[in-house]
1. For A:S74, all conditions in the list (1) open to solvent by less than 60 Å² (accessible area, probe 1.4 Å); (2) under 18 Å from A:Q17 (Cβ atoms); (3) in contact (Cβ under 8 Å) with a residue 40 or more places away in the chain; (4) not aromatic (F, W, Y) hold save one; what is the number of the exception?
2. Filter the stretch B:49-108 down to residues that are over 18 Å from B:S28 (Cβ atoms) and within 11 Å of chain A (Cβ to nearest Cβ) and give me whichever is farthest from the chain's Cα centre (by Cα).
3. I'm told A:S101 meets every condition in (1) in contact (Cβ under 8 Å) with a residue 60 or more places away in the chain; (2) surrounded by fewer than 20 Cβ atoms within 10 Å (Cβ to Cβ); (3) within 13 Å of chain B (Cβ to nearest Cβ) except one. Can you identify the failing condition by its number?
4. Tell me the residue from B:K49, B:K78 that is in contact (Cβ under 8 Å) with a residue 12 or more places away in the chain, more than 29 Å from A:H10 (Cα to Cα) and in contact with a helix residue (DSSP H, G or I) (Cβ under 9 Å, 6 or more places away or on another chain), please.
5. Scan the stretch A:4-21 for residues that are surrounded by 15 or more Cβ atoms within 10 Å (Cβ to Cβ) and among the basic types (K, R) and report the count.
6. Please list, ordered by first then second residue, the pairs with beta carbon atoms under 7 Å, 6 or more apart or interchain, first in the stretch B:1-19 and charged (D, E, K, R), second at pLDDT below 95 and exposed (fewer than 12 other Cβ atoms within 10 Å of the Cβ).
7. Quickly run through the stretch A:55-71 and pick out the residues that are within 11 Å of another protein chain (Cβ to nearest Cβ) and either closer than 15 Å to A:F103 by Cβ or surrounded by 13 or more Cβ atoms within 10 Å (Cβ to Cβ) (or both).
Amino acid sequence: DAGVTQSPTHLIKTRGQQVTLRCSPKSGHDTVSWYQQALGQGPQFIFQYYEEEERQRGNFPDRFSGHQFPNYSSELNVNALLLGDSALYLCASSVGPTGESFFGQGTRLTVV
Amino acid sequence: AQSVAQPEDQVNVAEGNPLTVKCTYSVSGNPYLFWYVQYPNRGLQFLLKYITGDNLVKGSYGFEAEFNKSQTSFHLKKPSALVSDSALYFCAVRDDWVLTGGGNKLTFGTGTQLKVEL
C-alpha cells in the first residue's frame, strides 16, 4: 500500500519563476492538504482540497494556488517565486476533511 | 486561534535515560493533539494522538504522552531513550472541526531537536 507520494523530491528555481509540485494521496484517501516548512520552523498550513475544491486556507498570498483532480491527486502552484519561498513543501492526505493526516516525504524547493 | 509552544529548542539525554519533550497548547473547544517526528530530509511521521479518553496516550516506538488539561500541556515521554530516537519532534494541535465547520488543519510548534548520546 503506497503512502503519500510527492514529486519532485528536489528542485531549484529562479526568483520570479513559477513552480508546480505534485502529490498523490495514500490509497483510500480523498483529501489533500499542503504545508510549507521553512528551515528551522514548524510546518505552516497552506490549504486543503476536498471534492476538487479549496476547503480551508492558511495565511498565504494568492501566489499560492492549488488544484485537486478527480483521482484525488493534487498540485500546488506558486507564481512569482521569492527567495523566501525556499522551503520543504509537505503534502498530507486524509479520509475526508476531518480525518487523520498522513504526510509525504516532501519536496525541497530552493529559489535562487 | 490555536497555538502550540515547544519551549525547548533542544533536549539532550543519555541513552537509557528517560526523556521528556515539552509542549503546551492554546485552543478553542476540545483539544486534538498530536506528536510527529521528522528525520533529516524526510517528511513527518506520526507518533501518537490525543482525541479523548485516557490522559496517558501510548504511541509508536515506545513513546507516550501525558495530556494535562489544567496545565494545557501534552508532554512527550519515553522511559528509556535510544540513540536512534535522535530527531526533530513536533507537537501539533488540530482544529475542533465541530466549531470551525470542517477541516483538519494542523498548527505546529517550532520543534524540539532531541539528541540522545551514548
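1. (2)
2. Here the answer is B:L88.
3. (2)
4. One residue alone meets the criteria, B:K78.
5. Summing the residues that are surrounded by 15 or more Cβ atoms within 10 Å (Cβ to Cβ) and among the basic types (K, R) in the stretch A:4-21 gives 1.
6. B:E15/B:L118
7. A:R55, A:Q56, A:R57, A:G58
The values are calculated or read from the model by the stated rules, or taken from the named source; none is laboratory data. The model shown is predicted, which means the values in this text are computed figures rather than measured ones. So basically every Cβ, Gly included, is an ideal-geometry build from the backbone, and we count neighbours across all protein chains shown. Note: areas computed on protein heavy atoms with side chains; ligands, DNA, RNA excluded. Shrake-Rupley method; radii C 1.70, N 1.55, O 1.52, S 1.80 Å.
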